[in-house]
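J.: Quick one: this structure, given as C-alpha cells, is what I'll be asking you about.
The values are calculated or read from the model by the stated rules, or taken from the named source; none is laboratory data. Keep in mind that this is a model prediction, so the values were computed, not measured. For neighbour counting, all protein chains shown are included, and Cβ atoms are generated from backbone atoms with ideal geometry for every residue, glycine included. Surface areas here come from the heavy atoms of the whole protein model, side chains and all, with no ligands, DNA or RNA. Shrake-Rupley method; radii C 1.70, N 1.55, O 1.52, S 1.80 Å.
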Amino acid sequence: MEATTFVLFGATGDLAKRKIYPALYNLFLDHKLSKSFTIIGLGRREWSDEAFQAQVEQSLHTFSRRSADDSASIKAFIKAFRYSVMDVERIEDYHKLLQVVEQREQELHLPGNRMFYLSVGPEFFGKIAASIQESGLGSAKGWKRLIIEKPFGHDLKSAQELNQELGKAFKEEEIFRIDHYLGKPMVQKLDVLEQSNPALQDIWTNQYIANVQITASETVGVEERAGYYDHVGAIRDMFQNHMLQLLMTLGKNDGRISKRQVMESVEPLLKENVVNDVVRGQYTAGSIQGKPAAGYKDEPGIDPCSTNDTFVAVRLRIDDVFWRDIPIYIRTGKRMKEKSTRIVIEFKQPFKRSYSAQERTAPNLLIFEISPNEGVTLQINHKDLPNKGVTSTIPVDLHFNQSGEPEAYENLIYDALQGDPTFFAHWDEVELAWKWVQPILEAFEEDLVPLHHYPAGTYGPDASDLLLAEDGNHWWFDS
Ligand code: BG6
C-alpha cells in the first residue's frame, strides 16, 4: 500500500464512527495500510487532535469487528489522526487544510498521494470538489482520488449535473463511488464462483434459467431518517443503486458482457407501462417478530398523507443473447418479515412430464444468500426414503464461515487506496440506472401506479405476488 494522506470530510459524523474508523483500524491490524499513513479529519466543531483521537478510539470500542483492547495497537493507529476545522463553504478553510496536509507530507516524507473521502451530504459534493481544485489541494505530487457515497443525485438530471461538477475537479478514474452492496463479501465472491466453475457458467443462460428473483428485505422502518427517506423512497434509496448493481453483477455472465452492457440491455419501460411491471407499496401498522410496529404514516417526521414507497417490486428483462426472455423479479422493502438479501435462480424443468407420471418434482434452485448470512445452496430433488420414498427437495448447502471476514467498508476503502475500481459504481452504470428508473419516478410522481399497502411484518403487498403469478411464478421462501 502506498503512503497516503487520507482527508475525511464529515469526520464527526455517524458513518465515520460506525464504518470508516473501524474499517481503517481493521486494515491497519491486517497491515494493509502503509506505515506512513495519515488521516486528517474535518468537521465544523472545534476539536483538538487529542479530542478527535479520543472520539476515534471510542468508535473502535463500540463498532470495530475486532477488539480494540490492545492498547499498543490502538496507540499506534490513533497517532496517525489529525483534526482540522472545516466549513465547506469557506475557501480559507481549504487553504488552511492545504497547510496541514503539506506539513504532514513533509513530516512523514509522503509522496503526495491524497485521498479525499466525502462523508457528507451530496449537496456539498460539487462545492467541495471545486474548492479542492481551487485551493491547490488537488494539485498533489502523487495521485489524488475522491470517494463519495450515495445518493448520486435525485433523478437523472440532478445526477448528471452532479457528475459534471465533480468532473471539473476529478477525472472519472479518480472517482470512487461507494455502493456498499458491492463491498459485501458474498457479492465479491459471486464473480469467482461463476467464472471459476464451468458447471455453473454453462447453465448461466436462458437455455436453463426459468426466472431470477432478487430480494433485499429489511425489518427496520424509516428509523431517524424521515426527512431523507420520505423524499426518496425505496426506489431511490435501494432500487436505483443497490438492487440494480446486484442485477448488473449477476448479469455479467462470465465476463462475456460488462456491467454497463447489462444495464444498457435492460429493456426500457415506458412511463405508461410502469403500472404493468412495477408494484409500489407502503407499510401500515403490523408486528415484526412479535413486536408491534407503527405504520409508515405514523412514524415520527413522516407526512401523514405521504404516498412515498417503502416497497417496490419490479419485473424486467435483459435483451441479451444469454438473458433474453428470462423474467427477472426484483423487490426491496422496509418493515418486511425478515432481513435478507438473496438471489434465487430458478431453473427450467425439461423433464417435468417424462420423469414420472406419479411424481411431481420441484424445480432446481440456486440460491445466493448475501446477507446477513452468506452461502450458496442448490436445491435438488431426492428420494425421501423415511417418508414412503416420495420425491422431495433437499438443499445442498454451502455456508461460509464469516468470522474474520473483512466488512464491506474494509474491502472498498482498501480497493480505493489501491486504485482498483472493480467494486465501485462507475458513472456510466449510475447514469444508465437513473435513465432506466426515470419513467418509474415519473409514474410514481404522477400517480400512474397504485400505492398498495402491506402490514409491517409481511413480504409486501399482495400485488407483488400477483406480479409473479401472472407469469405462473411465485416468490421463493416467503413463509
Ligand atoms: C442503505 C439505505 O444504503 O442501505 C438504507 O440507505 C438501508 O435505507 C441500507 O437500510 C441497507 O443496507 P444493508 O447492508 O443493511 O442491507
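J.: Can you tell me the dipole magnitude for the range 246-313 around its Cα centre, using point charges on the Cβ only (Lys, Arg +1; Asp, Glu -1), in Debye to the nearest 20? All intermediate terms of the calculation are to be shown ahead of the outcome.
T.: Working: 8 positive and 9 negative charges, 57 e Å.
Rounded to the nearest 20 debye, it is 280 debye.
J.: Let me ask another. With r as the distance between the Cβ atoms of S139 and C305 and R0 = 51 Å, compute the FRET efficiency 1/(1 + (r/R0)^6) and round to 0.05. Kindly include the intermediate steps, with their values, before the conclusion.
T.: Values: r = 51 Å, r/R0 = 1.00.
FRET efficiency, C305 to S139: 0.50.
J.: Oh, and also: Lysine pairs in the range 281-415 8 or more apart or on different chains: how many have alpha carbons under 19 angstrom apart? Intermediate results must be reported in sequence, preceding the final value.
T.: Values: K291/K334; K291/K337; K291/K339; K297/K334; K297/K337; K352/K383.
The result is 6.
J.: Another question, if that's okay. Quick check of the Kirkwood formula: for the range 15-86, what is the inverse mean of 1/r over all pairs of different Cα atoms, in Å? Let's see the in-between values first.
T.: Details: mean 1/r = 0.0816 Å⁻¹.
Mean inverse Cα-Cα distance, inverted, gives 12.3 Å.
J.: Name the residues whose placed amide hydrogens come within less than 5 Å of the amide hydrogen of T219, ignoring near sequence neighbours (fewer than 5 apart) on the same chain.
T.: R335, M336, K339
J.: Further question: Within the range 195-232, find all residues whose amide N lies under 14 Å from a label point positioned 7 Å from the Cα of K291 along Cα-to-beta-carbon.
T.: The answer is 219-224.
J.: Under 5 Å between amide H atoms, partner at least 5 residues away or on a different chain: which partners does F81 have, H built in plane at 1.01 Å?
T.: I39
J.: Can you tell me the length gained on complete extension of the stretch T391 to H31, counting 0.36 nm per residue apart and subtracting the Cα distance? It would help to have the intermediate numbers written out before the result.
T.: Values: separation 360, 0.36 × 360 = 129.60 nm, distance 5.20 nm.
Taking 0.36 nm per residue and subtracting the Cα distance, the gain is 124.4 nm.
J.: Give the Rg (one decimal place) followed by the Dmax (whole number) of the range 219-352, computed from C-alpha coordinates and expressed in Å.
T.: Expressed in Å, the Cα Rg and Dmax of the range 219-352 come to 17.2, 55.
J.: Shifting gears a bit: If the cut-off is a Cα-Cα distance under 16 Å, which aspartates and glutamates reach K157, setting aside same-chain residues fewer than 8 apart in sequence?
T.: Of all the aspartates and glutamates, those that pass the test against K157 - Cα under 16 Å, at least 8 places apart if same chain - are E123, E165, D428, E429, E431, E442, E445.
J.: For the pair R317 and R260, how long in nm is the line joining their label points, each one 7 Å along Cα→Cβ?
T.: 2.6 nm
J.: From the phi of every residue in the range 325-340, what ³J(HN,Hα) in whole Hz does the Karplus formula 6.51 cos²θ - 1.76 cosθ + 1.60 yield, where θ is phi - 60° and glycine or proline is x?
T.: Karplus-based 3J(HN,Hα) across the range 325-340 equals 6, 8, x, 10, 10, 10, 9, 8, x, 9, 6, 9, 5, 9, 8, 7 Hz.
J.: On to the next question. Assign unit charges at the C-beta atoms only (+1 for Lys and Arg, -1 for Asp and Glu), then state the dipole size of the chain relative to its Cα centre in Debye, rounded to the nearest 20. It would help to have the intermediate numbers written out before the result.
T.: Working: 53 positive and 70 negative charges, 188 e Å.
In total the dipole reaches around 900 debye.
J.: Using helices alone, I'd like the mean residue ellipticity at 222 nm for the chain: each DSSP H run of four-plus residues gives -39500 (n - 2.57), total over residue count, nearest 500.
T.: Numbers: 16 runs with 160 residues, N = 479.
Calculated mean residue ellipticity at 222 nm is -10000 deg cm²/dmol.
J.: When DSSP beta bridges are limited to those with both residues in the chain, what percentage is antiparallel, rounded to the nearest 5? Mind dumping the intermediate values first?
T.: Details: 43 of 80 bridges.
Given both bridge residues lie in the chain, the antiparallel proportion sits at roughly 55 percent.
J.: 7 Å from Cα along Cα→Cβ at both E445 and E107: what's the point-to-point distance in nm?
T.: The two pseudo-label positions are separated by 4.9 nm.
J.: For the range 313-419, what's the radius of gyration and Dmax over Cα atoms, in angstrom?
T.: 18.9, 60
J.: Determine the distance separating the Cα centre of the range 402-479 from the Cα centre of the range 303-320; give it in Å without decimals.
T.: Their Cα centres are 9 Å away from one another.
J.: Scaled to the compact-protein estimate 2.2 N^0.38 Å, what is the alpha-carbon radius of gyration of the range 409-466, rounded to two decimal places? Don't skip to the end; give the middle numbers.
T.: Numbers: Rg = 18.2 Å, N = 58, 2.2 N^0.38 = 10.3 Å.
Compared with the compact-globule rule of thumb, the range 409-466 sits at 1.77.
J.: A further question on this structure: Mind checking the full-extension length gain between K348 and I203? Use 0.36 nm per residue of separation minus the Cα-Cα distance, one decimal, nm. Display every interim value, and only then the final one.
T.: On the way: separation 145, 0.36 × 145 = 52.20 nm, distance 1.04 nm.
Fully extending the segment from K348 to I203 adds 51.2 nm.
J.: Moving on. Take the alpha carbon atoms of the range 48-158, find their radius of gyration, then divide it by 2.2 N^0.38 Å using N residues; give the quotient. Display every interim value, and only then the final one.
T.: Working: Rg = 16.3 Å, N = 111, 2.2 N^0.38 = 13.2 Å.
Normalised Cα radius of gyration, the range 48-158: 1.24.
J.: Between the range 1-30 and the range 376-397, how far is it from one alpha carbon centroid to the other, in angstrom?
T.: Centre-to-centre distance over Cα atoms comes out at 47 Å.
J.: Right, here's the next one. Let me check against my output: what whole-number percent is the relative contact order of the chain, with C-alpha pairs under 8 Å and at least 6 apart? Let's see the in-between values first.
T.: Numbers: 879 pairs, mean separation 81.5, N = 479.
So the answer I get is 17 percent.
J.: Taking a temperature of 4 °C and a viscosity of 1.567 mPa s, what whole-number D in µm²/s does Stokes-Einstein yield for the range 231-276 with Rh from Kirkwood over alpha carbon pairs? Present the calculation step by step, with values, prior to reporting the outcome.
T.: Numbers: Rh = 11.8 Å.
For the chosen part, D equals 109 µm²/s.
J.: Assign one of three labels to the range 356-479, namely rounded, prolate or oblate, based on the Cα gyration tensor with a ≥ b ≥ c the square roots of its eigenvalues; rounded applies when a/c is under 1.5, prolate when it is not and a/b is larger than b/c, and oblate otherwise.
T.: oblate
J.: Determine which lysines satisfy two conditions relative to K141: a Cα distance under 28 Å, and not lying fewer than 8 residues away in the same chain.
T.: K32, K35, K79, K96, K127, K168, K171
J.: Between V85 and R360, what is the FRET efficiency for a Förster distance of 51 Å, r being their Cβ-Cβ separation, to the nearest 0.05? Before the final figure, lay out the partial values.
T.: Details: r = 69 Å, r/R0 = 1.36.
In this case the efficiency is close to 0.15.
J.: Right, another one. Can you pull the percent of Cα pairs in the range 153-282 with separation above 21 Å?
T.: On the way: 4617 of 8385 pairs.
Cα-Cα pairs of the range 153-282 separated by over 21 Å account for 55 percent.
J.: Any idea which of P300, V278, T249 is furthest toward the positive side of the dipole for the range 215-330, if Lys and Arg beta-carbons carry +1 and Asp and Glu beta-carbons -1?
T.: Checking the options against the dipole of the range 215-330, the answer is T249.
J.: Under unit Cβ charges (Lys, Arg +1; Asp, Glu -1), what dipole magnitude, rounded to 20 debye, does the range 165-285 have relative to its Cα centre? Present the calculation step by step, with values, prior to reporting the outcome.
T.: Numbers: 13 positive and 18 negative charges, 22 e Å.
With Lys and Arg at +1 and Asp and Glu at -1, about 100 debye.
J.: What distance in nm separates the two pseudo spin-label positions at H61 and S196, each 7 Å out from Cα along the beta-carbon direction?
T.: Result for the modelled spin labels: 4.1 nm.
J.: A further question on this structure: Any idea which of F9, P22, V100 is furthest toward the positive side of the dipole for the range 1-123, if Lys and Arg beta-carbons carry +1 and Asp and Glu beta-carbons -1?
T.: So the residue furthest toward the plus end is P22.
J.: On to the next question. The range 37-74 to the range 114-179: how many Å between their Cα centroids?
T.: Between the Cα centres of the range 37-74 and the range 114-179 lies a distance of 25 Å.
J.: Just the accessible area per residue of the range 1-139, please: how many Å² with a 1.4 Å probe?
T.: Details: 6310 Å² over 139 residues.
For the range 1-139, the per-residue accessible area is 45 Å².
J.: Explain nothing, just the number: relative contact order of the range 1-159, from Cα pairs under 8 Å at least 6 residues apart, as a whole percent. Please list the in-between numbers first.
T.: Working: 239 pairs, mean separation 44.9, N = 159.
Computed value for the range 1-159: 28 percent relative contact order.
J.: Let me understand the chain better: what is its radius of gyration from the alpha carbons, and its Dmax, in angstrom?
T.: According to the Cα coordinates of the chain, Rg and Dmax are 24.2, 81 Å.
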